[in-house]
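The values are calculated or read from the model by the stated rules, or taken from the named source; none is laboratory data. Since this is a predicted model, take the numbers as computed values, not measurements. Positions of Cβ are generated from backbone atoms using ideal geometry, with glycine treated the same way; all protein chains shown enter the neighbour counts. Heads up: the accessible areas ignore ligands, DNA and RNA and are worked out on the full protein's heavy atoms, side chains in. Shrake-Rupley method; radii C 1.70, N 1.55, O 1.52, S 1.80 Å.
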Amino acid sequence: SLAAGSRMVIRIMPMQAVTFASLSDLVEGAAPLVDKAFGGLRTSPHKAIVEALESMKTRDEDVLKTAREKAAAESGTEPGAAPPVTYAVRLQRRSAAGFPKDAAVRALAALVPPQHTVSLGAPEVTILVEVFKSLCGVAVVPGYHAMHDFNLHAAAGK
C-alpha cells in the first residue's frame, strides 16, 4: 500500500525555483513561473515589491528604496488574455521568523493579472512558497487542494 511504502515521507513539496530567502529574490524567482501559469504579469517584479511594501504599516525602508530604484528601470508588462482562474498564495516559514511573510504574499499576488481572482477555499492554482532558514522554494501548482495538499497519507485514504 502507499502508506506502508512511504512510512518516512508524509508530504512532498514541489519546487520549480529555489532562491535566497529575501523578498526581492523570491519575487524575481517567482515572476517567470507566474507569467507562465497565468498568461502574463500584472506588473513587474520590483513594482510588485514596492506596491506590497507601501501597503504595509511596518516595512523595511532599505528594501523599499532598492525596489523603487530597480522598478524605475524595469519595462512595462502585459497582463495577457488567459482565461480567468482562481488562485491562492500559500507561504510556509520554517526557522525563518524574520522573513516578511505578509509582504511576500502581497507582492506575489500583485504579479497575478487582474482577471484572476483569489479563492482561499478551493483555488484552481496555488502559488506555493516554502522558506527554510536562508533558502526559499517556489512552485505554481494547479489542483494543489484536490491532491490533498500533497499529503501522501491523506491521498491514500489512511
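When the alpha carbon coordinates of the chain are projected onto the principal axes, the ranges are 55, 37, 24 Å, largest first.
Model label sites at Gln16 and Ala72, defined 7 Å from Cα along the beta-carbon direction, differ in position by 3.3 nm.
Computed from backbone phi with θ = phi - 60° and the Karplus coefficients 6.51, -1.76 and 1.60, the 3J(HN,Hα) list for region 99-114 is 6, x, 4, 4, 5, 5, 4, 5, 5, 5, 5, 5, 6, 6, x, x Hz; x is used for glycine and proline. About the centre of its Cα atoms, the chain shows a dipole size close to 580 debye [charges on the beta carbon of Lys, Arg (+1) and Asp, Glu (-1) only; nearest 20 debye]. Excluding ligands, DNA and RNA, the accessible surface per residue across the chain is 54 Å² with a 1.4 Å probe. In summary, the lysines within cross-link reach of Lys70, defined as a Cα separation below 20 angstrom excluding same-chain residues under 8 places away, comprise Lys47.
Just the number, please: carbon plus sulfur as a percent of the accessible area of the chain, 1.4 Å probe, no ligands or DNA/RNA counted.
Percent of accessible area from carbon and sulfur atoms in the chain: 56.
Taking amide hydrogens as placed 1.01 Å from N in the peptide plane, the amide H of Arg42 sits under 5 Å from those of Val112, each at least 5 positions away in sequence or on another chain. Computed 3J(HN,Hα) for region 123-134, one whole-Hz value per residue from the Karplus formula 6.51 cos²θ - 1.76 cosθ + 1.60 where θ = phi - 60°, is x, 6, 10, 10, 8, 9, 10, 10, 10, 9, 6, 9, glycine and proline marked x.
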